[in-house]
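The values are calculated or read from the model by the stated rules, or taken from the named source; none is laboratory data. Because the structure is a prediction, the values reported are computed rather than measured. Here the Cβ positions follow ideal geometry from the backbone for every residue, glycine too, while neighbour counts run over all protein chains shown.
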Amino acid sequence: MKEMAEVGELATFKLPTGHHIPALGLGTWKSEPNKCREAVYAAVVEAGYRHIDCADKYGNQEEVGEALKAAMETGIARQDLFVTSKLWCADLDPMKVKQALEKTLHELQLEYLDLYLIHWPVHTTVDASRPPSKDQVLPLDLNSVWREMEKLVEEKLVRDIGVCNFTVPKLEVLLKTTTIKPAVNQVEMHPGWRNDKILDFCKRHHIHVTAYSPLGSQATDELHDPTVTQIAEKIRKTPGQVLIRWAIQRGVSAIPKSSSPHRIKENMQVFDWKLAAEDFETLSSFQNQKRVQDGYILFINPEEGPLRSLEEFWDGEI
Ligand code: NDP
């Protein structure tokens, strides 16, 4: 089921539902105002991307929607696109799930999403500060929220549902009661944070993994890591291409963000070559493993709680 298949010119992975998720998508977090539209259009129309990863929280879905509309006006069919968005923490309330999706569909000018993900497994107030005070982190009734997500599938407003940033214990809780299993767990993944434990669990439970921050999100400077650059020079690819190819060869889809039409095209050139086994192994053996997107600033309040440490938040997967 994790077999990578060529569909047209673009490699895809098969989800448990039988739908296909493109192996490469465009990330849109921090895609700058007035640049995001051009980036998405360039990705879809000029570079051949079919997957765009969005989120309500990124604040730029209207620009993505305008770009997708313009792209479809050039003749690209909606069914050939794969659009992902995410339910933000303040909407992790069964009463808010559908209205949050409707807002996202309105902004994106779409009738349905291909994939709708729970953004983080934390329920907060709308006005949560960073870090949130004790009262700004609310109880999470995950099963009821998931049931509302399932209803969105039944109503054909979304084709697949999934999660982000879920640990093994959190997935185990979710899997106990779901009617529709999560199709995807979108998690941080690059050679400096391989996330082996979650990848192994997801593979065994037929949950597709999407690698976010596949280039290290700038913070790790993985694009300038000597090991990555040496491999890139040796095989005449760019560091970005090497990192993206590493992710895809692990059997996960990757969603690098770029606002540069040039780098958007560069990042797509990863389907007609492979990393040799020894280079793949080297990239899979970085000693220093560290999360970049650890959620600390968003969710941890060591003095007041309720989440007092990263250890607790990530269920020890840190
Ligand atoms: P990435 O690892 O994709 O890195 C993005 C950075 O790399 C940008 O600064 C970009 O700059 C630069 N870049 C892109 N391509 C190249 C290249 N070929 N050579 C050199 N530099 C390059 O980081 P993100 O953290 O943005 O992760 C990607 C996406 O994952 C997000 O945009 C978002 O969609 C998703 N995500 C999901 C999360 C979740 O909780 N579910 C959390 C974090 C991310 P430039 O734009 O100038 O090219």
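Pull up the stretch 261-282, narrow it to residues that are more than 15 Å from the ligand (Cβ to nearest atom) and in a helix (DSSP H, G or I), then point me to the one that is farthest from residue 227 (Cα to Cα).
Across the stretch 261-282, the extreme among qualifying residues is 277.
Take the conditions within 16 Å of the ligand (Cβ to nearest atom), buried (at least 18 other Cβ atoms within 10 Å of the Cβ) and in a helix (DSSP H, G or I) and apply them to residue 291. Does it pass?
No: the conditions fail for residue 291.
For the stretch 233-252, which residues satisfy the criterion of being in contact with a Leu (Cβ under 7 Å, 6 or more places away or on another chain) and of a type in the set (Gly, Ala, Ser)?
Passing the criteria: only 240.
Considering only the stretch 148-176, how many residues are of a type in the set (Val, Ile, Thr) and either buried (at least 22 other Cβ atoms within 10 Å of the Cβ) or in contact with a strand residue (DSSP E or B) (Cβ under 8 Å, 6 or more places away or on another chain) (or both)?
4
Being more than 26 Å from residue 223 (Cα to Cα), in contact with a Leu (Cβ under 8 Å, 6 or more places away or on another chain) and of a type outside the set (Phe, Trp, Tyr) is the filter here, so list the residues in the stretch 185-205 that pass it.
If the condition is that a residue be more than 26 Å from residue 223 (Cα to Cα), in contact with a Leu (Cβ under 8 Å, 6 or more places away or on another chain) and of a type outside the set (Phe, Trp, Tyr), then 202, 205 are the ones that fit.
Based on what the data block shows, is residue 78 surrounded by 21 or more Cβ atoms within 10 Å (Cβ to Cβ) and either in contact with a strand residue (DSSP E or B) (Cβ under 7 Å, 6 or more places away or on another chain) or at pLDDT 95 or above (or both)?
no
Do the conditions hold for residue 100, that is, is it assigned to a helix (DSSP H, G or I), under 14 Å from residue 117 (Cβ atoms) and more than 12 Å from the ligand (Cβ to nearest atom)?
Against the criterion (assigned to a helix (DSSP H, G or I), under 14 Å from residue 117 (Cβ atoms) and more than 12 Å from the ligand (Cβ to nearest atom)), residue 100 qualifies.
Within the stretch 154-168, track down each residue that is among the aliphatic types (A, V, I, L, M) and either within 13 Å of the ligand (Cβ to nearest atom) or more than 14 Å from the chain's Cα centre (by Cα) (or both).
157, 158, 163, 168
I'd like the full set of residues that are more than 6 Å from the ligand (Cβ to nearest atom), farther than 11 Å from residue 283 by Cβ and outside any helix (DSSP H, G or I), limited to the stretch 238-260.
251, 252, 253, 254
Of everything in the stretch 131-147, what is more than 18 Å from residue 176 (Cβ to Cβ) and surrounded by 15 or more Cβ atoms within 10 Å (Cβ to Cβ)? Give them in sequence order.
131, 132, 136, 137, 138
Out of curiosity, is residue 110 crowded, with 21+ Cβ neighbours inside 10 Å and not in a loop (DSSP other than H, G, I, E, B)?
no
Taking only the stretch 198-220 into account, find how many residues are in a loop (DSSP other than H, G, I, E, B), under 17 Å from the mean Cα position of the chain (by Cα) and either closer than 20 Å to residue 256 by Cα or within 14 Å of the ligand (Cβ to nearest atom) (or both).
So the answer is 6.
Please enumerate the residues belonging to the stretch 289-303 that are among the charged types (D, E, K, R) and in contact with a Ser or Thr (Cβ under 6 Å, 6 or more places away or on another chain).
Listed by number, the list is empty, since nothing qualifies.
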